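The values are calculated or read from the model by the stated rules, or taken from the named source; none is laboratory data. Since we're looking at a predicted model, the values are computed, not measured. Using ideal geometry, Cβ is built from the backbone for each residue, glycine included, and neighbour counts are taken over all protein chains shown. Only protein heavy atoms, including side chains, enter the accessible area calculation; ligands, DNA and RNA are left aside. Shrake-Rupley method; radii C 1.70, N 1.55, O 1.52, S 1.80 Å.
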Amino acid sequence: MVASHAARVLVASNRGPVSYSLREDGTLTARRGGGGLVSGLSAIGPDADAVWVCAALGDGDRAAVLRGAGGTGRLPIADTGGQHVRMLDIPADTFASAYNGIANSVLWFVHHMLFQTPLEPVFDEDFRDQWAAYVAYNAAFADALAEEAGQGAAVLVQDYHLALVPQLLRSRRPDLRIGHFSHTPWAPPDYFRLLPDDVAAEVLSGILGADRACFLTHRWADAFAACCADVLGASVIRDAGSLTITHGGRTTRIGVHGLGADADFLRERAHRPDVDERLAALQEAVGGPDRKVVVRVDRTELSKNIVRGLLAYAQLLRDHPEWQGRVVHIAFAYPSRHDLAVYREYTDEVSDLAEEINEEFATPGWQPVVLHVKDDFARSLAAYRLADVALVNPIRDGMNLVAKEIPVVSDDGVALVLSREAGAYEELGDDAFVVNPYDIRATADALHQALSVSHGERAEATKRLVAASTALPPQQWFLDQLRALG
Ligand code: F6P
């Protein structure tokens, strides 16, 4: 069935552009999020017929859906900044199994290669129940998209949460033009094949239901193609720079769109009074203009490698005692996925280690690590402005936009220490101090080099980092994908 309001462009993602919290008195507060998709979608203008389909994530969202227009799941546009958003109230237990169980504990772990394999993963009966929930959750999205989309509309499906949607949607609405975008890395075949064979095949054929399957880097696109060849026996054809995958009589084009930083937004936002205030507070915590500042800003996410980052900083202070008293590490590790015990434990480990480093090295008037664990975007921007060195050392990362944002916002140029396993390495590697994220001594050494680089060299490298980081702003990234769908 095609809805009467029939959208021309649709976006589907697990997390939508707005979330609600429910106060004790029963009132709802809407909070709008930022990020590449929000900014990208704004490129087509508020009047374009576009709908964003997302899931209700918590009780506040569910209440908002219930109170919404006639049970349609449409949110009031006053809450969404003018966007048409349909939020799906998927039963809470189905949602939890799909999101926490499969998306974040299995697919995320596969793509970021996070399993401690002697003991995990264990694909038992519980896993099979969760997988059934993941299929149902994907089907709910496919149903809603099929209902909302106008004839021949373009549908841009986001990420590993919704890997099955392209195929499910195509079977419901063969007229649609469907794109899928993976914001994560993609695992190489040997690791991807940890998944049960039938599940591995379903994930790949799910995405191949799209006309175009897109990735942040060539490395992840190539890994996906290799998995399709290996697991499905699909035929992978490279021709004059284009990559296509044919399976079951259909051909899917593979695209690479390296999302860049939103320079205009960031520069304007980073000079508002609330950021200036936080900048002054951070400068006071650093304790003097002669001290250098190493900055990291992450969700407290296993793949971000915050613990090894702190170990490397401690190693720097040991190997190069001349930095003691002359450098401060500002580390922001914001809460993430706290429904999962392993994330809660990791967060504790980050805090404990920061404390240990301070106990070992601090002197009166010098605190070597300044750790904040409460999310504050204005304070992040203040830290970006202040950074002499940016530490971005993930185990594995789809892109890592922080690596692109810090050079754009920094007041005085920045030296970037960058993991070769971050997607951003493909574009920024030539102008960064590149590290193997597992190697503490090498990371400590890279920090030393980055702290020691001359002002002139740092300024020149920053110019090149900024150019590469802003090559594909979110709006262009979004429009390129729409155009490429034809
Ligand atoms: O990288 C994939 C992604 O979905 C990002 O778009 C986002 O930064 C992150 O994961 C957020 O995850 P969650 O919605 O679970 O907080």
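How far apart, in nanometres, would the label points at VAL373 and ALA229 be if each is projected 7 angstrom from Cα along the Cα-to-Cβ direction?
Simple spin-label model gives 4.5 nm for this pair.
So for HIS180, HIS247, what's the accessible-area order with a 1.4 Å probe, most first? Each step should come with its number before you reach the end.
Values: HIS180 5, HIS247 65 Å².
Result of the area sort, largest leading: HIS247, HIS180.
Over the Cα atoms of region 65-216, compute the convex hull volume and normalise it per residue, giving Å³.
Numbers: hull volume 19.3 nm³, N = 152.
Residue-normalised Cα hull volume stands at 127 Å³.
Roughly how tilted is helix 474-484, in degrees to the nearest 10 and between 0 and 90, from the longest Cα axis of the chain?
Compared with the principal axis, the helix lies near 30 degrees.
Explain nothing, just the number: relative contact order of the chain, from Cα pairs under 8 Å at least 6 residues apart, as a whole percent.
Working: 960 pairs, mean separation 68.0, N = 486.
It rounds to 14 percent for the chain.
Roughly how big is region 188-290's charge dipole about its Cα centre, with Cβ charges of +1 (Lys, Arg) and -1 (Asp, Glu), in debye to the nearest 20? The partial results should precede the final answer.
Working: 10 positive and 16 negative charges, 93 e Å.
It works out to roughly 440 debye.
Quick one: in the chain, what % of C-alpha pairs are over 29 Å apart? List each step's numbers first, then the result.
Working: 60138 of 117855 pairs.
Value for the chain (Cα pairs over 29 Å): 51 percent.
On C-alpha positions alone, give me the angle between the axis of helix 440-452 and the longest principal axis of the chain, in degrees, nearest 10.
Approximately 70 degrees, to the nearest 10.
Give me the net charge for the shell around ARG253: Cβ to Cβ below 15 angstrom, other residues only, Lys and Arg +1, Asp and Glu -1.
On the way: positive: ARG170, ARG177, ARG212, ARG238, ARG250, ARG483; negative: ASP211, ASP222, ASP239, ASP480.
Value of the local net charge: +2.
Sort largest first and round to whole Å: the equivalent ellipsoid semi-axes of region 111-171, each the square root of five times a Cα gyration tensor eigenvalue. Mind dumping the intermediate values first?
On the way: eigenvalues 185, 38, 9 Å².
Equivalent-ellipsoid dimensions as semi-axes: 30, 14, 7 Å.
Give the cross-link partners of LYS463 among the lysines, using a straight C-alpha distance below 25 Å as the criterion and excluding same-chain residues fewer than 8 apart.
LYS292, LYS404
Any idea of ILE237's accessible area? Nearest 10 Å², probe 1.4 Å.
Estimated to the nearest 10 Å², ILE237 gives 80 Å².
Could you tell me the center-to-center distance, by alpha carbons, between region 414-452 and region 175-239 in angstrom?
Using only Cα atoms to place each centre, the spacing works out to 29 Å.
Report the full-extension gain for the segment GLU360 to ALA132: residue separation times 0.36 nm, less the Cα-Cα distance, to one decimal in nm. Don't jump to the answer; show the numbers that get you there.
Values: separation 228, 0.36 × 228 = 82.08 nm, distance 4.98 nm.
Additional length available on full extension: 77.1 nm.
How would SER105, SER42, SER303 rank on accessible area, largest to smallest, probe 1.4 Å?
If we order SER105, SER42, SER303 from most to least accessible, we get SER42, SER105, SER303.
Can you tell me the 0 to 90 degree angle between the C-alpha axis of helix 455-469 and the longest principal axis of the chain, rounded to 10?
0
Would you kindly state how much longer the chain becomes between ILE77 and ARG267 on full extension, computed as 0.36 nm times their sequence separation minus their alpha carbon distance, in nm to one decimal?
So the chain would gain 65.7 nm between ILE77 and ARG267.
Just to be sure I understand: of the beta bridges DSSP finds with both ends in region 213-288, what percent are antiparallel, rounded to 5?
Values: 10 of 13 bridges.
The antiparallel proportion sits near 75 percent.
Please name whichever of LEU204, ALA139, PHE215 sits farthest to the positive end of the charge dipole of region 135-223, dipole taken about the Cα centre and charges placed at Cβ: Lys and Arg +1, Asp and Glu -1.
PHE215
So what's the net charge close to GLY34: Lys and Arg +1, Asp and Glu -1, counting the other residues with Cβ under 10 Å from its Cβ? Mind showing how you got there, number by number?
On the way: positive: ARG32, ARG269; negative: ASP262.
Taking every other residue near GLY34 into account, the sum is +1.
Can you give the charge dipole size of the chain about its Cα centre, rounded to the nearest 20 debye, using +1 on the beta carbon of Lys and Arg and -1 on the beta carbon of Asp and Glu?
Values: 45 positive and 65 negative charges, 269 e Å.
Rounded to the nearest 20 debye, it is 1300 debye.
Only Lys, Arg, Asp and Glu count, each charged at its Cβ (+1, +1, -1, -1), so figure out the dipole size of region 1-146 about its Cα centre, rounded to 20 debye.
Values: 10 positive and 15 negative charges, 121 e Å.
That gives a dipole near 580 debye.
Put +1 on the Cβ of each Lys and Arg and -1 on the Cβ of each Asp and Glu in region 1-115; which of SER19, GLY40, LEU75 then has its Cα farthest toward the positive end of the dipole?
Selected residue: GLY40.
Pop out the carbon and sulfur fraction of the accessible area of the chain as a percent, whole number, probe 1.4 Å. Don't skip to the end; give the middle numbers.
On the way: 9980 of 19760 Å².
Of the solvent-accessible surface of the chain, carbon and sulfur hold 51 percent.
Report relative contact order for region 362-486 in percent, whole number only (criteria: Cα-Cα under 8 Å, sequence separation at least 6).
Details: 160 pairs, mean separation 27.6, N = 125.
Across region 362-486, relative contact order equals 22 percent.
In region 211-333, if the dipole is taken from +1 on Lys/Arg beta carbons and -1 on Asp/Glu beta carbons about the Cα centre, which of ALA314, ALA333, VAL236 is farthest to the positive end?
Positive-end residue among those listed: VAL236.
Please give the FRET efficiency for GLU349 paired with ASN436, using the beta carbon to beta carbon distance and R0 = 22 Å, rounded to the nearest 0.05. Kindly include the intermediate steps, with their values, before the conclusion.
Values: r = 21 Å, r/R0 = 0.96.
Computed FRET efficiency for GLU349 and ASN436 comes out at 0.55.
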